[in-house]
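The values are calculated or read from the model by the stated rules, or taken from the named source; none is laboratory data. Predicted, not measured: the structure shown is a model, and the values here were computed from it. Please note: Cβ atoms are built from the backbone with ideal geometry, for glycine as well, and neighbour counts cover all protein chains shown. With ligands, DNA and RNA removed, areas are computed over all heavy atoms of the protein, side chains included. Shrake-Rupley method; radii C 1.70, N 1.55, O 1.52, S 1.80 Å.
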Amino acid sequence: MSVLLALNGISKYFGGLVAVNNVSFTVKKGQIKAIIGPNGAGKTTIFDLITGFTPLDKGEIWFDGEKINGTPPYLRVKKGIARTFQNLELFGNMTVLENIMASCYVRTKAGLLACALRLPRWLQEKSEIVKRANELLEFVGLKAWGHLRSSYLPLGAQRYLEIARALATSPKLLLLDEPASGLDPTETQALADFVLKIRERGITVLLVEHDMNFTMRIADEIMVLNYGEKVADGTPEEIRNHPEVIKAYLGSHA
């Protein structure tokens, strides 16, 4: 498999705090790769660096053969990088369908004038957006709730809605930040199956997750962070038996 994402010696400092220190790893096309580590290890910071929400201090980020250092977040979305957030970031006053439609607009080509004048090109694109949003609603199992405000959904359904909204941007790479957070074991099992279905659609997945059963089940490779530094990078079996991982993350008596 060819490399889709490559992080080369990336570092990020917040004042005197070293959040990420000289970390390098790759994500291959078609993979599900996970980043694990204790709280404060730098996992979400790496997501922020990949998506451009936080600027790099050192290193390079390459995506699909192009260096994207300094590229603003909205252009990274257009290039094919989408993400979800640990803390849900939905539009609470919009319906479930409207939340997904809002993300679809990143791929539209009709300009503001075409929208204001309701020109045929704009009307055609809007029709396509509604169709795609409804297809995604069905894919994530929220078809019956499309007319409801997103704030009315239970937590598990909101997680799926946020994933659907990210998928609406037509990503090549989907970043999932603790997608199983707050879910019960049955919901977590269903989510694991769903992430595998996303990969079947040709979308590469990079995820941060604390649930080790979830991670070990679906990840092809796992990268381990501790205090902002890479401890290990390998298959789930290699990570499970890695002495530094056992000491730093699983506990010295694991």
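Results for (1) crowded, with 16+ Cβ neighbours inside 10 Å; (2) within 16 Å of residue 31 (Cα to Cα); (3) of a type outside the set (Asp, Glu); (4) at pLDDT 90 or above, shown as yes or no for each residue.
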residue: 154; (1), (2), (3), (4): no, no, yes, yes
residue: 158; (1), (2), (3), (4): yes, no, yes, yes
residue: 161; (1), (2), (3), (4): yes, no, yes, yes
residue: 195; (1), (2), (3), (4): yes, yes, yes, yes
residue: 198; (1), (2), (3), (4): yes, yes, yes, yes
residue: 225; (1), (2), (3), (4): yes, no, yes, yes
residue: 229; (1), (2), (3), (4): yes, no, no, yes
residue: 236; (1), (2), (3), (4): yes, yes, yes, yes
residue: 253; (1), (2), (3), (4): no, no, yes, no
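Residue-wise test of (1) at pLDDT below 75; (2) over 23 Å from residue 82 (Cβ atoms).
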{"position": "102", "(1), (2)": "no, no"}
{"position": "108", "(1), (2)": "yes, no"}
{"position": "117", "(1), (2)": "yes, yes"}
{"position": "120", "(1), (2)": "yes, yes"}
{"position": "129", "(1), (2)": "no, no"}
{"position": "143", "(1), (2)": "no, no"}
{"position": "146", "(1), (2)": "no, no"}
{"position": "150", "(1), (2)": "no, no"}
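If you go through the range 170-217 and pick out every residue that is closer than 13 Å to residue 84 by Cα and in contact with a Lys or Arg (Cβ under 7 Å, 6 or more places away or on another chain), you end up with 6.
Every listed requirement among (1) closer than 22 Å to residue 43 by Cα; (2) free of Cβ contacts under 8 Å to residues at least 60 places away in the same chain; (3) among the hydrophobic types (A, V, I, L, M, F, W, C) is met by residue 176 save one, (2). For residue 12, the requirement of being crowded, with 21+ Cβ neighbours inside 10 Å, among the basic types (Lys, Arg) and at pLDDT 95 or above is met. Within the range 169-193, if we keep just the residues that are among the charged types (D, E, K, R) and touching a strand residue (DSSP E or B) at 6+ places or on another chain (Cβ under 9 Å), the residue that is least open to solvent (accessible area, probe 1.4 Å) turns out to be 177. Condition (residue is out of contact with any strand residue (DSSP E or B) (no Cβ under 9 Å at 6 or more places or on another chain) and either open to solvent by 40 Å² or more (accessible area, probe 1.4 Å) or modelled with pLDDT under 95 (or both)) applied to the range 19-34: is it met by at least one residue? No - not one qualifying residue is present in the range 19-34. Taking every residue in the range 24-45 that is on the phi > 0 side of the Ramachandran plot and pairing it with any residue that is surrounded by fewer than 18 Cβ atoms within 10 Å (Cβ to Cβ), at least 6 positions away or on another chain, the pairs with Cβ-Cβ distances below 6 Å are 30/1. Scanning the range 77-105 for residues that are within 24 Å of residue 18 (Cβ to Cβ) and not polar (S, T, N, Q), we see that the one that is nearest to the chain's Cα centre (by Cα) is 83.
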